[in-house]
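Participant: The following block contains the structure, expressed as structure tokens.
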Amino acid sequence: MSTETLPSGPQLRAFLHGLPGVDQVGVDERAARLATRSIKTTAKAQAIDLAITMVDLTTLEGADTPGKVRALCAKGARPDPGDASVPRVAAICVYPDMVETAVAALRGTGIGVASVATAFPSGRAPMEAKLADTRAAVAAGASEIDMVIDRGAFLAGDYRKVHEEIVATKEACGDAHLKVIFETGELVTYDNVRRASWLAMEAGADFIKTSTGKVAPAATLPVTLVMLEAVRDYRAATGRQVGVKPAGGIRTTKDAIKYLVLVNETAGPDWLDPQWFRLGASSLLNDLLMQRRKLTTGVYSGPDYFTLD
Amino acid sequence: MSERLTVRKTYKLFIGGAFPRSESGRSYVVNDGRGAFLANASQASRKDVRDAVGAARKAFGGWSGRTAHNRGQILYRIAEMLEGRRAQFVDELRATGLGKSAASDEVDAAVDRWVWYAGWTDKIAAVAGSANPVSGPFFNFSTPEPVGVVGVVAPDAPLLGLVSVLAPVVATGGTAVVVASEPAPLPAITLAEVLATSDLPGGVVNLLTGRRDELAPWLASHMDVDAIDLAGVPADGVAALEEAAAGNLKRVLRPAGDDWSGEPGTARLTAFLETKTVWHPVGV
């Protein structure tokens, strides 16, 4: 959709409220049922490696230093220094002022640099500030931008404002991929998650992302299921494929594998690729590495054998 | 009087202060001394071992950081709680085949053993540590510190044996993952109920019931376990476990045919300690 033909508020409202409602109990049940799938031995080994390639290794703390970001980049490029067969992660996710450090540290590795922008995590700033934030990150070399939507406007029913912000941010991104964060923990209902998904995809999002990781509950299986249904239906309707990124609260290999099952069973195997599905996480990577080492050595490993980050 | 339905107790595992069923969903039949059905006990799997080690690791910092005096108070509290459940333990021990007075004596001895180790918590540093004379203007102290997470394969003496190997580990600030006696696991789980109500932080003691042959190798090879006590392992199984334990240089305590009713001494207290030596300049 080009900027000249931006839909009006009432048009958006009519469209989004015309989407079929989400059966909350059904979604919860379906996600819980899929989470009981047992993935073992060789399939588990494959799932672990796939999950590692999908990780957006994230550090979004006020206390981030250039040293910490460089350490994280080194870890992303070579997650297990003792085992060269461990694949690289998909991207390193940092605050805009750390993009330059990350880009320099990752040169030549093929790992992307994702930057949060638009007054992350609250999204409460004037539009000009949000766009300046985005442009600065892109200029510093970020290949992916994680923007937050204005949840206040969304919950007040001002869909047009949210839509315009996404369109404007997409423009400011240039060649960088745009991920749109909904902060589903603040959207309250699955119906809202479905509406936000369609709204963001209509506005040009390349990825839709559950949460900032700063609000509990962050990513959950049912929420991700609703978003995966949205991207599946959107591709069927328009032919354009959009990625999904659950983020926050995914800490164990078991959790990660549950998400992979969900992707395969909901959106389909086309999405089982780091280009279309990402896991926003920090502590998850260590657990994946621990489980991987258990599979290769046959004995349980411990947190002492992996980096603290 | 109308017939009441029997209320049977479900014996579960004790991990991280909670009583979960085995992750595997398995259980096994426990018989009494005469071979009649007594109860079903959870049959833990290697994943329960992993979870228990995780819980023990998480609890280690807090437990080892408590003052020795506070640990002593908590161990004494365990003795009090055990004393309060005397009758229950006597019944459970009698079900394993012990006579009435033997069962009663064993419970008394188990209570006394907790008191013994409760007393040692704030004294072991004075006995196992030292102030070392050095040829320089320094104070030089060697102090014992707990080694970390200790795996314990408990002996078959269902209560006294278990208490005798478990209490010294927690008395010095270590945390334990215990594989209970395979033929008589029920007193161990009832002991877990005592531990759960004694102000002992969750995860300090984790109790698993199940097949010793299945669980001990995973405990011995686990890279996040710092020491292992093989008290309950039959002689022909020790070598393989020692070999598995070498992977991360675990400290291994071999079974020595202990007589649990005898004087405990301090050997088990010091078995899971390591010594830290600190130099401090004089006059600063």
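Participant: Using θ = phi - 60° and the Karplus relation 6.51 cos²θ - 1.76 cosθ + 1.60, list the HN-Hα couplings for the stretch B:189-204 in order, rounded to whole Hz, with x at every Gly or Pro.
Facilitator: Taking θ as phi minus 60°, the curve returns 6, 5, 4, 4, 5, 5, 4, 5, 10, 10, 6, 6, x, x, x, 5 Hz for the stretch B:189-204.
Participant: Normalising by the residue count of chain A, find the relative contact order in percent from Cα pairs under 8 Å and 6+ residues apart.
Facilitator: Relative contact order for chain A comes out at 19 percent.
Participant: Another one. Normalised by the empirical 2.2 N^0.38 Å for globular proteins, what value does the Cα Rg of the stretch B:10-115 take?
Facilitator: 1.30
Participant: Let me check the size of the stretch B:48-173 from its C-alpha atoms; what are the radius of gyration and Dmax in Å?
Facilitator: 17.9, 63
Participant: Skipping prolines and chain starts, which residues have an amide H placed within reach, meaning under 5 Å, of the one on B:A39, given they are 5 or more residues away or on another chain?
Facilitator: So B:A39 has HN proximity to B:V30.
Participant: By DSSP, what percent of the beta bridges with both residues in the protein assembly as shown are antiparallel, rounded to the nearest 5?
Facilitator: Expressed as a percentage, antiparallel bridges in the protein assembly as shown total about 30.
Participant: On C-alpha positions alone, give me the angle between the axis of helix A:159-173 and the longest principal axis of chain A, in degrees, nearest 10.
Facilitator: Value to nearest ten degrees: 50.
Participant: Which residues in the stretch A:250-275 place their backbone N less than 13 Å from a point set 7 Å from the Cα of A:A236 along the Cα-to-Cβ direction?
Facilitator: A:266-268
Participant: Calculate, axis by axis, the spread of Cα positions in the stretch A:208-309 along the three principal axes, and write the results as whole Å, longest axis first.
Facilitator: 49, 31, 20
Participant: On to the next question. Can you give me the % of accessible surface on the stretch B:27-281 that is carbon or sulfur? Probe 1.4 Å, all protein chains present, nothing else counted.
Facilitator: 53
Participant: Which FRET efficiency, nearest 0.05, do A:T296 and B:V7 yield, Cβ-Cβ r, R0 35 Å?
Facilitator: 0.15
Participant: Mind checking the per residue accessible area of chain A for me, 1.4 Å probe, whole number of Å²?
Facilitator: Heavy-atom SASA per residue in chain A reads 41 Å².
Participant: Can you tell me the FRET efficiency between B:S101 and B:T270 if r is taken as the Cβ-Cβ distance and R0 is 35 Å, rounded to the nearest 0.05?
Facilitator: About 0.55, to the nearest 0.05.
Participant: With point charges of +1 on the Cβ of Lys and Arg and -1 on the Cβ of Asp and Glu, referenced to the Cα centre of chain B, which listed residue (B:G265, B:A95, B:A176) lies farthest in the positive direction of the dipole?
Facilitator: Going by the charge dipole, the pick is B:A176.
Participant: Roughly how many whole Å is it from the C-alpha centroid of the stretch B:131-176 to that of the stretch A:160-200?
Facilitator: For the stretch B:131-176 versus the stretch A:160-200, the Cα centre distance is 57 Å.
Participant: Please give the net charge around A:S143, taking every other residue with its beta carbon less than 14 angstrom from that of A:S143, where Lys and Arg add +1 and Asp and Glu add -1.
Facilitator: Net of charged neighbours comes to -3.
Participant: Over the stretch A:69-186, what per residue volume does the convex hull of the Cα atoms give, in whole Å³?
Facilitator: Taking the convex hull of the Cα positions in the stretch A:69-186, it is 104 Å³ per residue.
Participant: Below 14 angstrom from the Cβ of A:A156, what's the summed charge of the other residues (Lys, Arg +1; Asp, Glu -1)?
Facilitator: Here the charged neighbours net out to +2.
Participant: Oh, and also: Please state the relative contact order of the stretch B:27-281 as a whole percent: Cα pairs under 8 Å, 6+ residues apart?
Facilitator: 26
Participant: Would you look at the GNM of chain B, springs on alpha carbons closer than 10 Å, and say which of B:P201, B:P137, B:P255 moves the most?
Facilitator: Judging by the Gaussian network model, the answer is B:P137.
Participant: Another question, then. Using the charge dipole of the stretch B:27-281 (Lys, Arg: +1 at Cβ; Asp, Glu: -1 at Cβ; taken about the Cα centre), state which of B:V163, B:V149, B:G61 has its Cα farthest towards the positive end.
Facilitator: Result: B:G61.
Participant: Determine one quarter of the surface area of the Cα convex hull of the stretch A:1-149, which equals its mean projected area, and express it in nm² to one decimal.
Facilitator: 13.4
Participant: Another one. Working from the pairwise distances between different alpha carbons, so that the mean of 1/r is found and then inverted, what is chain B's Kirkwood radius in Å?
Facilitator: 19.4
Participant: Beyond 18 Å, what share of the Cα-Cα pairs of the stretch A:134-243 remains, rounded to the nearest whole percent?
Facilitator: 46
Participant: What number comes out for the charge environment of B:V179, summing +1 per Lys or Arg and -1 per Asp or Glu over other residues with Cβ under 11 Å away?
Facilitator: That works out to -3.
Participant: Report the charge-dipole magnitude of the stretch B:179-268 in Debye, nearest 20, computed about the Cα centre from +1 at each Lys and Arg Cβ and -1 at each Asp and Glu Cβ.
Facilitator: 100
Participant: Return one number: the angle in degrees, 0 to 90 and rounded to the nearest 10, between the long axis of the Cα atoms of helix B:100-120 and the longest principal axis of the Cα atoms of chain B.
Facilitator: 20
Participant: Keeping the other protein chains in place, figure out the carbon and sulfur percent of the accessible area of chain A, with a 1.4 Å probe.
Facilitator: Answer for chain A: carbon and sulfur cover 53 percent of the accessible area.
Participant: Okay, moving on. Calculate for chain A the 222 nm mean residue ellipticity that helices alone would give, adding -39,500 (n - 2.57) per DSSP H run of length 4 or more and normalising by residue count, nearest 500 deg cm²/dmol.
Facilitator: -15000 deg cm²/dmol
Participant: In addition: Considering only DSSP beta bridges with both partners in the stretch B:27-281, what is the antiparallel share in %, to the nearest 5?
Facilitator: For the stretch B:27-281, the DSSP antiparallel bridge percentage is about 50.
Participant: Run the dipole for the protein assembly as shown about the Cα centre, Lys and Arg Cβ at +1, Asp and Glu Cβ at -1, nothing else charged, and hand back the magnitude in debye, nearest 20.
Facilitator: 460
Participant: For A:L178, what residues show an amide H to amide H distance below 5 Å, using hydrogens built from the backbone and excluding near sequence neighbours?
Facilitator: Here A:I145, A:D206, A:F207 satisfy the definition.
Participant: Further question: What residue among A:M54, A:M147, A:F15 has its Cα farthest toward the positive end of the dipole of the stretch A:14-150, where the charges are +1 on Lys, Arg and -1 on Asp, Glu, each on the Cβ?
Facilitator: A:M54
Participant: Expressed as a rounded percentage, what relative contact order does the stretch B:218-284 have, with Cα pairs under 8 Å and six or more residues apart?
Facilitator: So the answer I get is 32 percent.
Participant: Just the Kirkwood number for chain A, please: inverse of mean 1/r across all distinct Cα pairs, in Å, one decimal.
Facilitator: For chain A, the Kirkwood estimate is 19.6 Å.
Participant: When 1/r is averaged over all different Cα pairs and the result inverted, which Kirkwood radius in Å belongs to the stretch B:134-248?
Facilitator: Evaluated on the stretch B:134-248, it is 15.1 Å.
Participant: Okay, moving on. Under the Kirkwood approximation for Rh and a Cα-based Rg, what ratio Rg/Rh is obtained for the protein assembly as shown?
Facilitator: 1.07
Participant: Amide H of A:T58 versus every other amide H placed in the peptide plane: which residues, excluding those fewer than 5 positions away on the same chain, fall under 5 Å?
Facilitator: Under 5 Å from the amide H of A:T58: A:C93, A:A281, A:S282.
Participant: Mind putting a number on the dipole of the stretch B:27-281 about its Cα centre? Charges go on the C-beta only, +1 for Lys and Arg and -1 for Asp and Glu, and I need it in Debye to the nearest 20.
Facilitator: Magnitude of the dipole: close to 560 debye.
Participant: How many Å² of accessible area per residue for the stretch B:27-281, probe 1.4 Å?
Facilitator: Result: 40 Å² of accessible area for each residue.
Participant: Checking an interface number: how much accessible area is buried between B and A, summed over both chains, with a 1.4 Å probe, in Å² rounded to 100?
Facilitator: The contact between A and B buries close to 1000 Å².
Participant: Can I ask one more? What FRET efficiency, computed as 1/(1 + (r/R0)^6) with R0 = 30 Å and r the Cβ-Cβ distance, is obtained for B:S142 and B:V238, rounded to the nearest 0.05?
Facilitator: 0.45
Participant: Next question, about the same structure. In the stretch A:274-304, what residues drop by 10 Å² or more in accessible surface going from the chain by itself to the full protein assembly, probe 1.4 Å?
Facilitator: A:Q291, A:K294, A:G298, A:V299, A:Y300, A:S301, A:G302, A:P303, A:D304
Participant: Right, another one. Looking only at other chains, what is the average number of their beta-carbon atoms within 10 angstrom of each beta-carbon in B:222-230?
Facilitator: 3
Participant: Could you sort A:T296, A:T109 by accessible area so the largest value comes first, with the probe set to 1.4 Å?
Facilitator: Reading off the accessible areas and sorting them downward yields A:T296, A:T109.
Participant: On a 0 to 90° scale, report how tilted helix A:190-202 is relative to the longest principal axis of chain A, with both axes built from alpha carbons and the result rounded to the nearest 10.
Facilitator: Its long axis makes an angle of about 80 degrees.
The values are calculated or read from the model by the stated rules, or taken from the named source; none is laboratory data. In this text, all values refer to a predicted model and were calculated from it rather than measured experimentally. Methodologically, a virtual Cβ is constructed for each residue, glycine included, from the backbone with ideal geometry; neighbour enumeration extends over all protein chains shown. We work out accessible area using only protein heavy atoms, side chains counted, and drop any ligands, DNA or RNA first. Shrake-Rupley method; radii C 1.70, N 1.55, O 1.52, S 1.80 Å.
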